[in-house]
């Protein structure tokens, strides 16, 4: 764990977010920097989410938590897809 958000995530911040959701992206970037090191990109754990919000006296809504979890899943899937070698690509018939 480096405590620093990957540059790719920081660069994505320049994309337009729906009005009123910038804070979710900020939370995601901060949470993403807490990932455990290992093989591949690990998921943001429930414990990390709980600590993040507890330490800041924030009570997130179910929608906010679900959104962060979907953002995390999407980022991990994209990261996994990026690491496939050309000979590992799925063949669509």
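The values are calculated or read from the model by the stated rules, or taken from the named source; none is laboratory data. What you are looking at is a predicted structure, and each value in this text was computed from that prediction instead of being measured. All Cβ positions, glycine included, derive from the backbone under ideal geometry; neighbour counts span all protein chains shown.
Could you tell me whether residue 47 is exposed (fewer than 10 other Cβ atoms within 10 Å of the Cβ) and in a helix (DSSP H, G or I)?
Answer is yes for this residue.
Just to verify a result, which residue in region 78-93, among those that are over 18 Å from residue 29 (Cβ atoms) and in a helix (DSSP H, G or I), is modelled with the lowest pLDDT?
That would be 88.
Of the residues 41, 59, which is loosely packed, with under 11 Cβ neighbours inside 10 Å, assigned to a loop (DSSP other than H, G, I, E, B) and either on the phi < 0 side of the Ramachandran plot or touching a helix residue (DSSP H, G or I) at 6+ places or on another chain (Cβ under 9 Å) (or both)?
59
With the requirement that a residue be in contact (Cβ under 8 Å) with a residue 12 or more places away in the chain and closer than 16 Å to residue 79 by Cα, what does region 13-41 give you?
Result: 28, 29, 32, 33, 35, 36, 37, 40, 41.
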